[in-house]
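Reviewing the structure listed below.
The values are calculated or read from the model by the stated rules, or taken from the named source; none is laboratory data. Quick caveat: nothing in here was measured; it's all calculated off a predicted structure. Reconstructed Cβ throughout: ideal geometry from the backbone, glycine too, with neighbour counts over all protein chains shown. In case anyone asks, the SASA skips ligands and DNA or RNA and just uses the protein heavy atoms, side chains included. Shrake-Rupley method; radii C 1.70, N 1.55, O 1.52, S 1.80 Å.
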Amino acid sequence: MILSRSRASLALQAEKSNLRDGRTSDKSRVPDVEEFISKQDYTGAVTVLEFKRLSGKKDVKLLEWLGYSYFHYGAHDKALAIYKELLGMPDADDVYHTYSSACLFYLAKYKEAEAEAQKGPNIPLQTRIFFHLAHKFNDETKLMLYHQQLTDSTEDQLSLASIHFHRAHYQEATDIYKRLLLEHRDYLALNVYVALCYCKLDYYDVSLEILAVYLQAHPDSALAVNLKACNHFRLYNGKAAEAELKQLQQLTGHQHHLDNDLIRHNLVVFQNGENALQVLPPMLESDMPPEARLNLVIYYLRSNDIQEAYNLIKDLEPGTPQEYILKGVVHASIGQLHDSTEHLKMAQQYFQLVGASASECDTIPGRQCMASCFFLLKQFEDVLIYLKSVKTYFFNDVDFNWNYGIARAATGEYKEAEETLLLIHNERYKTEYCYVSWLSRCYIMNGKPRKAWEMYLRMDTSDESFALLQLIANDCYRMGHFFYAAKAFDILERLDPNPEYWEGKRGACVGNFQMVIAGDDDDDDNNDLDNAHDDDEGGVFVMMMMMMTMMTTMMMMMMTTMITITITIMITMMRMRMRMRMMTVTVMMMISWDDGYDEGSDDDVKDDGAA
């Protein structure tokens, strides 16, 4: 907001006339208020004015200058007190109500600011205050009404650009600032506004180039150096950003600039949340800067204090993509924590709203939102489409690798999933059951059951360790890693004497023995079996020995049976051969008797013929 400076200009003219009257400056005299304000040294101006005030000089012009200096110094509460004092004087100008409203606006007392502005005269400053209040109240009707009342004046156009900026219409704000900069090239501060818009549009290099124009003239500007630090934070890291703020301290020679709320807020961000609970909560009352609430929510999420994060953001009406995204993340976290379908559905809607919007659909946050939306819907093929498109920007990002690894595992890409999940080095993430279970499954599917078993051994006894045992037992059985399946089923049976676990263990033992007989067993499994009696898997070892003994006995019984059957067949065949021989002798004897009988008959026939 740009305040009307008409009265300040009159005071400046009065000071100039006094100088022309003969009171010229020299090295020994105290600088005038005009000199301090022209150098934007409001601390010096306040010091001089307060000295004059305490010395007994207490006129209207002095108080106006003091209120103006306090306001631009950022001490809006003290400026408000000065304007209240002016209003208490006889024949006070109603414009002080408007100035008081401006102070109340910066103190985030919007209702009081509106009431105070209504008491003031109908001037452009009042219109601008109502315009900004309509934005704060989310009153679109009044916002459009006061928008139509704005003129082409520099102040009104700057106010309009400010509203565009706060509504995340950064390109529209940039267009206004550029046009004003072409008309007023000596307004160097416009370069800072343009650079801020480009920073919001993620053009950090361009932002730095434009910002350099202003920093050449004002290298000790706290706002400009802070913006430069923010660009370095986005381009590099927090240490590079913090180094820029240290240069500001060296330029000014004192810590004063670093006591600014905006800079203290950003230092918390640059230092990855350090001192967040000391710095950010006091800023929530004034809502300045507005990112303080969002960053405190992020701090609570990173500290795994999800309920506090939800309490802080549940009443926030989102108006920017960042607010929508953060509300979606909080609802997703609270929904997973309490297994709430309602919260998960709201999170999915927030993510879809941002990801499908025309302004965000092709941005990195927009694609991440669509990936999160499909993740909650468990459509992991669609998740991978969006995550693969931004993978190059998040190679070492823990949260991205978490989601990307799980999505690849859910689609059966276990080798790539294992590689991605192993990139996560956050110890808190690595102890969560979701991570442990998915990585264990990847190990098993990739032929590394021993690593999955070692992950179970590192866990404490709990419901999660029991669930992991079930996963190892079933997945190892399905993939043919029968030894580790047998060990898992053995422990499950001891913890819960369920007949299914006994059958699973028996089947795994038989499967492992069959692989040994067929020569398809793993040498590591054999070594583990040889050493099983030295470990705590005694039940599996005994089971294996019993199964091997049973199988050996069955083989011996089968061999004995085969021998018995063979001998029986041989004896039977010998008996049949002896019988065949006896039958042959009998037949031969019968043939011989038949031949003798036939010969006698023939002779008789012959004799009869002769007769």
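Full extension from Ala356 to Met574: what is 0.36 nm times the residue separation minus their Cα-Cα distance, to one decimal in nm? Walk me through the numbers on the way to the answer.
Working: separation 218, 0.36 × 218 = 78.48 nm, distance 9.14 nm.
Additional length available on full extension: 69.3 nm.
Out of region 393-502, which trypsin sites (Lys or Arg not before Pro) are coil in DSSP terms and have no more than 11 other C-beta atoms within 10 Å?
Hits after loop and neighbour filter: Arg458.
Per 0.36 nm of contour for each residue apart, how much would the distance between Leu201 and Glu35 grow if the chain were fully extended, relative to their Cα-Cα spacing?
56.0 nm
Percentage of Cα-Cα pair distances in region 140-257 greater than 17 Å, rounded to whole percent?
I get 60 percent for the Cα pairs in region 140-257 exceeding 17 Å.
For region 355-499, what is the accessible area per residue in Å² when the probe is 1.4 Å?
Counting only protein heavy atoms, the per-residue value for region 355-499 is 50 Å².
Would you kindly state how much longer the chain becomes between Thr564 and Ile123 on full extension, computed as 0.36 nm times their sequence separation minus their alpha carbon distance, in nm to one decimal?
146.8 nm
Using a 1.4 Å probe on the protein heavy atoms, what percent of the accessible area of region 349-493 belongs to carbon and sulfur? All intermediate terms of the calculation are to be shown ahead of the outcome.
Working: 3570 of 7060 Å².
Reported share for carbon and sulfur atoms: 51 percent.
Along the positive direction of the dipole of region 113-210 (beta-carbon charges: Lys, Arg +1; Asp, Glu -1; about the Cα centre), which of Gln157, Tyr198, Tyr146 reaches farthest?
Positive-end residue among those listed: Tyr146.
What fraction, in whole percent, of alpha-carbon pairs in region 305-444 exceed 24 Å separation?
31 percent
Using r as the Cβ-Cβ distance of Asn237 and Val60, and R0 as 45 Å, what FRET efficiency do you calculate, to the nearest 0.05?
Numbers: r = 52 Å, r/R0 = 1.16.
Working from the Cβ atoms, E equals 0.30.
Longer than 18 Å from Cα to Cα, which of Lys415/Lys451; Lys142/Lys327; Lys378/Lys415; Lys136/Lys200; Lys200/Lys327; Lys78/Lys109 are they? Say none if no pair is.
Lys142/Lys327; Lys378/Lys415; Lys136/Lys200; Lys200/Lys327
When the label point is put 7 Å from the Cα of Asp315 along its Cα-to-beta-carbon vector, which residues of region 273-297 have a backbone N closer than 14 Å?
Answer for this model: 284-287.
Run the paramagnetic zone check for Ser340: 7 angstrom along Cα to Cβ, then residues of region 296-325 with backbone nitrogen under 18 Å.
What the label zone holds, given the 18 Å backbone N cut-off, is 297-298, 300-302, 304-318, 324-325.
Quickly work out the Lys448-to-Tyr73 label distance, labels modelled 7 Å from Cα along the C-beta direction, and quote it in nm with one decimal.
For the pair Tyr73/Lys448, the computed spacing is 6.4 nm.
Just to confirm, what accessible area per residue do you get for region 65-175 at 1.4 Å probe, in whole Å²? It would help to have the intermediate numbers written out before the result.
Details: 5040 Å² over 111 residues.
Here the per-residue accessible area is 45 Å².
Say each of Thr151 and Glu432 gets a label point 7 Å from the Cα, pointing the same way as Cα to Cβ; how far apart are those two points in nm?
5.7 nm
Would you mind working out the accessible area per residue for region 178-331, using a 1.4 Å probe, and quoting it in Å²?
Value returned for region 178-331: 53 Å² of accessible area per residue.
In whole Hz, with x marking every Gly and Pro, tabulate ³J(HN,Hα) for region 92-99 from phi via Karplus 6.51 cos²θ - 1.76 cosθ + 1.60, θ = phi - 60°.
Rounded to whole hertz, the list is 5, 6, 5, 5, 5, 5, 5, 5.
When the accessible area of region 119-197 is computed with all protein chains present and a 1.4 Å probe, what percentage of it is carbon and sulfur? Don't jump to the answer; show the numbers that get you there.
On the way: 2100 of 4000 Å².
C and S fraction of accessible area: 52 percent.
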